[in-house]
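K.L.:
Here you go, one structure.
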Amino acid sequence: MSGVLGIYGKDIDEISQMMYYGLYALQHRGQVSSGMSINNNGFIDYHKDMGLVNEVFDKDILKRFRGNISIGQVRYAFSDEAKSIKNTEPLVVGYRKGALALAHDGKLANYIKLKDKLEDEGTIFQTDLDAELIANLIARHHKNDVEDAIKNALDEIKGSFSLAIMTNDKLVGARDSHGMKPLSIGKIKGNYILASETCAFDTIGAKFIRHVEPGEIVVIDDNGIRSIKKRPEKRALCLFELIYFARPDSEVDGKSIYLSRIESGKVLSKEAPVEADIVIGAPDSGIIAAIGYAEESKIPYAEGLIKNRYVGRTFISPTKELREQGVRIKLNPLKENIAGKRVILVDDSIVRGTTIKQTVKMLKDAGAKEVHVRVASPSVTNTCYLGMDTPTKEHLIGSTKTSKEIREISGADSLHFISIEGLLKAVGEENGFCRGCFTGNYPVERMN
């Protein structure tokens, strides 16, 4: 996952500061690199580097930027190879019709196929980014109208994407035809904003307008905002947006992330009740489901794990050794609350199994009498090729182990995953979601 942001303003004195705080609000979507580009009367300036938003940008850099259109990205990368300065975004390119800047969230299913085709025709690629492929397609299709070029380019790509594109005089947002990746529209003082999540609007004081629809392209310029729609396909928002990726204070496609997670905890309590003294959550994304579990079960909620706020998500650490070390640095048990207690530990998901094993051990070492694990997502059994970091099946404990075997490996006294039916009931809709990592059925077939 990554986070994208775009601003089009008629009268913005400090657009770079708005971008900074908007990207800061989206930091949870990617911690590998940060960047922004700004259009100043047709000249595109940019700055990007490895690191968090507050590490990449300082006051001097922000003061340098002047203009009225800007896009930015916080990026997550799958592999060590992808974590290099050449693969930072936004991607800024020049071609015979002008200049473009692109920021992309998602993963293209036909990237290799299209890249091989373009390379056979003489195109030289400088990065490993899906965004560079999209930029090349736009340049090839650009005859007279850049909007037609963007539309024709997006017709060629398959997979998941939310895009923020900046031309010499326009800000363009686009979403894949299944709506797998989120994108929303906001407004502040006559200035339009595109963002992966609505929490970015709150941070910079903007008002949420609406979500970009699946398959929709929105164009923002001096004449306002207009929509170029193509026929959407069956809606398939990534379920992990609601389970894990999105911030709880965001709304995605009309669904409150907070309420969805509360309901998943309540459903989980009904599906897998157990006698216990307290309910605790795995910080941070498991806490809200734990509150829901406690409300439904009438078992008191308590803090049981204290998080070091300066440590990133262990789920996206690159190696097994770093993930295990990250758990020990990241979490510390609150012995006063858990010693001698029967504890229900609610987590948002179990992907590799590294974190849950370490966490159960920490709780038992701290004196927990029993530890019952409840998971607010079904078991992840299939590799995702559309944006989630599960490149091969051997990384997925659910693909090779049963729930009973995962319980034994984790050391828990009991373990239960929410059912797919229960999760869909919690989010209030049976259709409209990609659930491929749980079922193996994806809305776009693997093409690479």
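K.L.:
Can you tell me the length gained on complete extension of the stretch Asp365 to Ile209, counting 0.36 nm per residue apart and subtracting the Cα distance?
P.N.:
Length gained, Asp365 through Ile209: 51.2 nm.
K.L.:
Further, regarding this structure: Mind checking the full-extension length gain between Lys63 and Glu119? Use 0.36 nm per residue of separation minus the Cα-Cα distance, one decimal, nm.
P.N.:
On the way: separation 56, 0.36 × 56 = 20.16 nm, distance 3.93 nm.
That pair, Lys63 and Glu119, stretches by 16.2 nm at full extension.
K.L.:
In whole angstrom, note down how far apart the Cα centers of the stretch 229-252 and the stretch 36-99 are.
P.N.:
For the stretch 229-252 versus the stretch 36-99, the Cα centre distance is 25 Å.
K.L.:
If you take the alpha carbon radius of gyration of the stretch 228-308 and divide it by 2.2 N^0.38 Å, what ratio comes out, to two decimals?
P.N.:
Scaled against compact globular proteins, the figure is 1.32.
K.L.:
Before anything else, pin down the relative contact order of the stretch 20-160: Cα pairs under 8 Å, at least 6 apart, normalised by residue count, whole percent.
P.N.:
21
K.L.:
On to the next question. What are the principal axis extents of the Cα atoms in the stretch 1-134, in Å, biggest first?
P.N.:
Each principal axis gives a Cα extent; for the stretch 1-134 these are 45, 34, 20 Å.
K.L.:
Which FRET efficiency value, to the nearest 0.05, do you get for Lys10 and Glu430 by plugging their Cβ-Cβ distance into 1/(1 + (r/R0)^6) with R0 = 51 Å?
P.N.:
The calculated FRET efficiency here is 0.75.
K.L.:
Same structure again: Given a cut-off of 23 Å, name the pairs among Lys63/Lys181; Lys83/Lys107; Lys63/Lys307; Lys143/Lys181; Lys107/Lys425 whose C-alpha atoms lie farther apart than that in the structure shown.
P.N.:
Flagged as over cut-off: Lys63/Lys181; Lys63/Lys307; Lys143/Lys181; Lys107/Lys425.
K.L.:
With the radius of gyration and the Kirkwood radius both derived from the Cα set of the stretch 158-207, what is their ratio Rg to Rh?
P.N.:
1.01
K.L.:
Amide H of Tyr192 versus every other amide H placed in the peptide plane: which residues, excluding those fewer than 5 positions away on the same chain, fall under 5 Å?
P.N.:
Placed amide hydrogens put Tyr8 under 5 Å from Tyr192.
K.L.:
To continue, here is another question. Starting from a Cα-only point model with no solvent, please compute log10 I(q)/I(0) by Debye for the chain at q = 0.06, 0.08, 0.09 1/Å.
P.N.:
Log-scaled intensity ratios, in q order: -0.26, -0.46, -0.58.
K.L.:
Could you work out how far the C-alpha centroid of the stretch 286-303 sits from that of the stretch 254-268, in angstrom?
P.N.:
12
K.L.:
Under the 0.36 nm per residue contour assumption, what length would be gained going from the current alpha-carbon distance of Asn332 and Met447 to full extension?
P.N.:
Length gained, Asn332 through Met447: 37.1 nm.
K.L.:
So, R0 is 30 Å and r is the distance between the beta-carbons of Arg231 and Ile112; what FRET efficiency does that work out to, to 0.05?
P.N.:
So, using R0 = 30 Å, E works out to roughly 0.65.
K.L.:
In addition: List the extent of the Cα atoms of the stretch 375-448 along each of their three principal axes, largest first, rounded to whole Å.
P.N.:
40, 32, 15
K.L.:
Still on this structure, please answer the following. Leaving out ligands and nucleic acids, and using a 1.4 Å probe, what accessible area per residue does the chain come to in Å²?
P.N.:
41
K.L.:
Label points 7 Å out from Cα along the Cβ direction at Glu421 and Asp169: separation in nm?
P.N.:
Distance between the two pseudo-spin positions: 5.8 nm.
K.L.:
How large is the convex hull of the C-alpha atoms of the stretch 321-448 per residue, in Å³? Mind showing how you got there, number by number?
P.N.:
Numbers: hull volume 15.5 nm³, N = 128.
Residue-normalised Cα hull volume stands at 121 Å³.
K.L.:
Related question: Sort 155-167, 115-127, 58-70 by packing, meaning the average of other beta carbons within 10 Å per residue, with the highest value first. Before the final figure, lay out the partial values.
P.N.:
Numbers: 155-167: 23.7, 115-127: 11.7, 58-70: 16.3.
Top of the packing list down: 155-167, 58-70, 115-127.
K.L.:
Further question on the same structure: So what's the stretch 124-213 giving for Cα Rg divided by 2.2 N^0.38 Å, two decimals? Kindly include the intermediate steps, with their values, before the conclusion.
P.N.:
On the way: Rg = 14.3 Å, N = 90, 2.2 N^0.38 = 12.2 Å.
It is 1.18.
K.L.:
Suppose we take every Cα in the stretch 167-315 and form the convex hull; what volume per residue is that in Å³?
P.N.:
Details: hull volume 21.7 nm³, N = 149.
Spread over its residues, the Cα hull of the stretch 167-315 gives 146 Å³ apiece.
K.L.:
Using a probe of 1.4 angstrom, how much of the accessible area of the stretch 225-274 is carbon and sulfur, in percent? Walk me through the numbers on the way to the answer.
P.N.:
Working: 1220 of 2270 Å².
Here carbon and sulfur together make up 54 percent of the probe-accessible area.
The values are calculated or read from the model by the stated rules, or taken from the named source; none is laboratory data. Here the structure is a predicted model, which is why all the values come from computation and not from measurement. With ideal geometry, Cβ positions are generated from the backbone for all residues, glycine too; neighbour counts draw on all protein chains shown. To get the accessible areas, we keep the full protein, side chains included, count just its heavy atoms, and leave off ligands, DNA and RNA. Shrake-Rupley method; radii C 1.70, N 1.55, O 1.52, S 1.80 Å.
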